[in-house]
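The values are calculated or read from the model by the stated rules, or taken from the named source; none is laboratory data. All values reported here derive from a predicted model rather than from experimental measurement. Glycine gets a Cβ as well: all are built from the backbone with ideal geometry, and neighbour counts include every protein chain shown.
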Amino acid sequence: MIEVRWGSASHQGRVRERNEDALLAGPDVFAVADGMGGHAGGDVASAIAVAGLADLRDLASTDEPAELLGGALALVNAEIRRRATAESPLAGMGTTIAGIARIAGPRVLVFNVGDSRTYRLRGGRLQQLTEDHSVVADLIRAGELTVEDARRHPDRNTVTRALGAADVVVPTVRTEDARTGDCFLVASDGLFDELPETQIGDLLSTAGPVEQRARALVDAALARGARDNVSVIVVVVSGTDAEDGMEDDTAPPAFRRQVGSLSSPPPAV
């Protein structure tokens with residue numbers, strides 16, 4: 001299993017009245033969930049999502065880590081739909097999610113539902129590892145829209161998959177190799193909607209503590225106007241042997257969303 005160092009940061013942005021993002025920062029799963037529904041409970045949905053992954057501790061000892069992760073996301077989806085049905089103020093809530101999980105060997109699972117993203121910086125090259133589940137992403141893949149045009153498209157924020165949106169939601173899960181020095185970034189769309197990938201790569205490449213890079217990314221999005229909530233987790237691979245070398249999440253408390261277990265979801269809003 002790889003050894004990692006990480007930092008995280010989150011902000012409601014310059015426009016939104018509340019932060020509907022939620023973070024799960026280690027020790028084995030790193031995920032960002034971007035809640036949808038506004039006052040209909042987007043923050044509740046995102047908190048349920050990361051809470052449902054918080055207890056995944058056996059991914060490195062199972063032969064089927066992708067199936068275990070997929071099963072956890074299915075339970076999360078069912079719980080969000082149950083709460084939305086049982087509590088009328090939460091009707092229509094949902095959330096995107098993206099992240100990485102440490103598994104056996106020098107590998108990670110990369111997963112997403114919706115348009116939150118995971119990137120990897122390796123050798124100075126930033127690569128998006130997830131594929132957005134969104135209207136504009138489908139149009140780009142079909143050759144009907146350019147990336148630049150997608151930024152101005154009226155449906156740029158419309159996702160085609162989200163936890164809580166249907167009885168069955170299929171996540172995208174893939175295995176990626178990990179090398180010492182790799183830097184993974186998990187982020188909500190409030191980051192990459194504001195910053196070009198060149199700037200994101202430059203900030204990830206900056207020397208210094210990992211949590212400092214996370215905060216620098218959020219600060220840069222705020223400087224550009226931050227029209228949405230902005231949340232990031234930066235994970236640096238410090239080794240690829242099986243020794244324990246984990247660091248605690250050193251991001252300041254103001255930048256973290258605490259999560260509980262799925263059996264104790266957050267109260268309704």
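For Leu53, all conditions in the list (1) modelled with pLDDT of 95 or more; (2) more than 30 Å from Met1 (Cβ to Cβ) hold save one; what is the number of the exception?
(2)
Among the listed residues Thr180, Thr206, identify the single one that is touching a residue at least 24 places away in the same chain (Cβ under 8 Å) and over 30 Å from Arg81 (Cα atoms).
Details: Thr206 fails: touching a residue at least 24 places away in the same chain (Cβ under 8 Å).
Of the residues listed, the single one that is touching a residue at least 24 places away in the same chain (Cβ under 8 Å) and over 30 Å from Arg81 (Cα atoms) is Thr180.
At least 2 residues that are buried (at least 17 other Cβ atoms within 10 Å of the Cβ) and touching a Gly at 6+ places or on another chain (Cβ under 7 Å) in each: list the helices (runs of 4 or more DSSP H) lying fully within segment 141-223 that qualify. Give the steps one after another, and end with the answer.
On the way: elements: 147-150, 189-192, 197-204, 210-223.
Hits in segment 141-223: 210-223.
From the list Val135, Val108, exactly one residue is modelled with pLDDT under 90 and either crowded, with 16+ Cβ neighbours inside 10 Å or within 22 Å of Ala47 (Cβ to Cβ) (or both). Which is it?
Working: Val108 fails: modelled with pLDDT under 90.
Being modelled with pLDDT under 90 and either crowded, with 16+ Cβ neighbours inside 10 Å or within 22 Å of Ala47 (Cβ to Cβ) (or both) holds for just one of Val135, Val108, which is Val135.
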